[in-house]
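Visitor: Starting off with a structure, shown below.
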Amino acid sequence: MFSFLKRKKVETPLANEATESSDPAVSVAHLSISVAHMLPPDLPDAPPRAAPSPIVEPELASLKDRLAASYQSLGGRLAQIMKLKPELNEALLEQVETLLLTADVGVTATAEVMSKIRARVERREVNDHDALVGALRSELASLLRGCEAQIDWEKASKPFVLLVVGVNGVGKTTTIGKLARRCKDRGISVMLAAGDTFRAAAVSQLKAWGERNAVAVMAQGDGADSASVIFDAITAAKARGVELLIADTAGRLHTQTNLMEELKKIKRVVQKIDPSAPHEVLMVIDGGVGQNAIAQVRQFHAAVGVTGLVVTKLDGTARGGVLFGLAREFKLPIRFIGVGEKAEDLRAFSADDFVRALIPDELKAS
């Protein structure tokens, strides 16, 4: 079992920008040496990458079960409408439009989808219920398909620095633990940085995930400077040849400007050791917050440049329609969706699988 990396809070020129050295290169080199010597002797260098294990995603039927609440808010209600065999006219299209809005698809995305479906009806490409369901599924999938893109772990110098952001309670730390397990199963060496120093439970929670996955965790004391923790972790990862560093951050409320400024500071400090870092800024969103997710992403994206999304808690009472609104508004990659508590429940996002789980094939049999 790996030992956790522990140290007292250390004020460094790069962690405290007010006292920054006039020679950043000297500061970086000095800190790299001190951190390397600080590491306990029982932590081995990162082993050679093992042959990656295949990542087996849940079957579509299992995904439909996990997305039961989202299915009921969209596919289930659509099925109820179609059972009545209504006439294919504007009144039916308005029912479908209302259905999309109540399923959290969002005003803009709904308007775009319905505009294309109405155009199909006018061209007589849609002339029965099955065709209408098929057109709806096709347009929804098309909206999401542009957001299918997995992280390219090989694109950057090592360590690949992945900064995880998001407001309190979205499942950020849990997502980090699941992602660490997923990457380790693929043969990628991983280290975690406990940068959420504002909430004491977050550090212990991340350590628990590190122990469970046999992954080293860099942590300092409660209330330590988050930028300092993450900077030290990058230096340690470089010294040990670790390929991927996943850094937690405080659960920042997007309405609190001072906290957003701290996130910007983390990004600036990280770039002093690697100008290309962070290589991924992954934002975690609770799928149950509805259209409030749009405001959250907008603020975080403006502050630190979000490069990918994870939508969690879709197995609960969430209405998965929020993914369509996010896709229409930002066109950011949706890297993963969370559909359960287990490590394997962090699933790579597939637009077609997601839409088929919400509007299954059987709905087309009118």
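None of the figures in this text is laboratory data; all of them are computed from the coordinates on show. None of these values were measured; they are calculated from a predicted model. Because the Cβ atoms are built from the backbone with ideal geometry, glycine has one as well, and the counts that use them run over all protein chains shown.
Visitor: Taking a ≥ b ≥ c as the square roots of the Cα gyration tensor eigenvalues, with a/c under 1.5 meaning rounded and otherwise prolate when a/b beats b/c, else oblate, which class fits segment 181-220? Walk me through the intermediate numbers first.
Guide: Details: a/c = 2.80, a/b = 2.20, b/c = 1.27.
Taking the square roots of the gyration eigenvalues as a ≥ b ≥ c, segment 181-220 is prolate.
Visitor: Is the shape of segment 140-191 best called rounded, prolate or oblate, per the rule: a/c under 1.5 gives rounded, else a/b larger than b/c gives prolate, else oblate, with a ≥ b ≥ c the square roots of the Cα gyration tensor eigenvalues?
Guide: Numbers: a/c = 1.91, a/b = 1.22, b/c = 1.57.
It comes out oblate by the Cα gyration axes.
Visitor: Over segment 151-349, what is the relative contact order in whole percent, taking alpha-carbon pairs under 8 Å and six or more residues apart?
Guide: Values: 391 pairs, mean separation 50.8, N = 199.
Averaging sequence separation for qualifying contacts and normalising by length gives 26 percent for segment 151-349.
Visitor: S62 versus A214, label points 7 Å from Cα toward the beta carbon: distance in nm?
Guide: Using points 7 Å along Cα→Cβ, the separation is 2.3 nm.
Visitor: Work out from phi, with θ = phi - 60° and the Karplus expression 6.51 cos²θ - 1.76 cosθ + 1.60, the ³J(HN,Hα) of each residue of segment 133-147, listed in order in whole Hz, and give x for Gly and Pro.
Guide: Each residue of segment 133-147 in turn: 4, x, 5, 5, 5, 4, 5, 5, 5, 4, 5, 8, 4, x, 9 Hz.
Visitor: Note down the net charge around M114, summing +1 for each Lys or Arg and -1 for each Asp or Glu among other residues with Cβ under 10 Å from its Cβ.
Guide: Working: positive: K116, R118; negative: E94, E97, E112, E139.
Its environment carries a net charge of -2.
Visitor: Can I ask one more? Given the pairs K178/K313; K207/K342; K158/K184; K184/K313, which are separated by over 20 angstrom at their Cα positions?
Guide: Details: K178/K313 13 Å; K207/K342 17 Å; K158/K184 15 Å; K184/K313 23 Å.
From the list (K178/K313; K207/K342; K158/K184; K184/K313), the Cα-Cα distance tops 20 Å for K184/K313.
Visitor: Let me ask something additional. Starting from the coordinates of the alpha-carbon atoms of segment 271-322, obtain the Kirkwood hydrodynamic radius over all distinct pairs and give the value in Å to one decimal. Spell out each step's value before the answer.
Guide: On the way: mean 1/r = 0.0823 Å⁻¹.
Result for segment 271-322, one decimal place: 12.2 Å.
Visitor: Still on this structure, please answer the following. Throw me the Rg/Rh for segment 151-349, computed over C-alpha atoms with Kirkwood Rh, two decimals.
Guide: On the way: Rg = 15.4 Å, Rh = 16.5 Å.
Rounded to two decimals, Rg/Rh equals 0.93.
Visitor: Given H placed 1.01 Å from N in the peptide plane, which residues other than close sequence neighbours of I285 have an amide H under 5 Å from its amide H?
Guide: Here V310, V311, T312 satisfy the definition.
Visitor: What FRET efficiency do you get for K83 and T317 if R0 is 30 Å and r is their Cβ-Cβ distance, rounded to the nearest 0.05?
Guide: On the way: r = 24 Å, r/R0 = 0.81.
My answer for the efficiency is 0.75.
Visitor: Also, I was wondering about something else. Limiting things to C-alpha atoms, what are the Rg and the maximum Cα-Cα separation (Dmax) for segment 257-345, in angstroms?
Guide: Here Rg and the maximum Cα pair distance are 14.2, 42 Å.
Visitor: Could you calculate the contour length gain from A201 to K342, that is, 0.36 nm times the residue separation minus the distance between their Cα atoms, to one decimal place in nm? Numbers along the way, then the final one.
Guide: Working: separation 141, 0.36 × 141 = 50.76 nm, distance 1.98 nm.
Difference between extended and current length: 48.8 nm.
Visitor: Any idea how far the Cα center of segment 310-366 sits from the one of segment 140-197, in Å?
Guide: Value for the Cα centre distance between the two parts: 17 Å.
Visitor: Moving on. Straight-line reach only, C-alpha to C-alpha below 15 angstrom: list the aspartates and glutamates that K116 could link to, leaving out same-chain residues fewer than 8 apart.
Guide: E90, E94, E97, E125, E139
Visitor: Then there's this: Taking the mean number of other Cβ atoms within 10 Å as a proxy for protection, how do you rank 152-162, 193-203 from highest to lowest?
Guide: Values: 152-162: 17.8, 193-203: 21.6.
The packing order, highest mean first, is 193-203, 152-162.
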